Amino acid sequence: MPTNGGNMKHRWGLGAAAAVLAIAGAGAHVHAQAKESVEVTSKQILARMDRNGDGKVSEEEFRNAMMRRFASADVNRDGVLSDDEVPTHSVVVQNSESSGGQVKLEDYSASLKTVFDQYDADRDGQLAGDELEKLAQARNALKEAK
Ligand SMILES: [Ca+2]
Ligand SMILES: [Ca+2]
């Protein structure tokens, strides 16, 4: 364990636990045996975001889900994710402009479209199949990086 990472590690750990709770709370049939692993599958993303059940995530569904995510991460509700509120494994946060480790709602919101377009490989305005798979992989890679 890196000597300078003790405190960080503790905080990121709490964030990961919160993310797992958020996924479980969405009503998806997530297997409860996931202990250490917080790996996300494309099926879980779909269960969480696909509100109209067409098996695809539209830009609106993506935006709604990600804005809910911001709201749940913004504990003190000031519209800014401070250093300890930022979810490390969010691909949107990763693409957001941040200053001093903080992410503002407006920057987060602006980067939603960028991220959506980035994963919408066939540009049909929906994330499906391989596109969701890539999104899941990107998120899981971020988790492992921390
Ligand atoms: Ca949908
Ligand atoms: Ca697509």
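Just add up the charged neighbours of GLY129: K/R +1, D/E -1, any other residue whose Cβ is under 10 Å from the Cβ of GLY129.
Working: positive: LYS56, LYS134; negative: ASP122, ASP130, GLU131, GLU133.
Residues near GLY129 contribute -2 overall.
If you take the beta carbon distance between ASP54 and ASP84 as r and set R0 to 25 Å, what does 1/(1 + (r/R0)^6) give as a FRET efficiency, to the nearest 0.05?
On the way: r = 37 Å, r/R0 = 1.48.
According to the calculation, E is roughly 0.10.
Say each of ASN76 and GLN118 gets a label point 7 Å from the Cα, pointing the same way as Cα to Cβ; how far apart are those two points in nm?
Roughly 2.8 nm, to one decimal.
All of the numbers you see were taken from the coordinates with simple rules; none came from a lab. Computed from a predicted model, the values in this text were never measured in an experiment. Glycine gets a Cβ as well: all are built from the backbone with ideal geometry, and neighbour counts include every protein chain shown.
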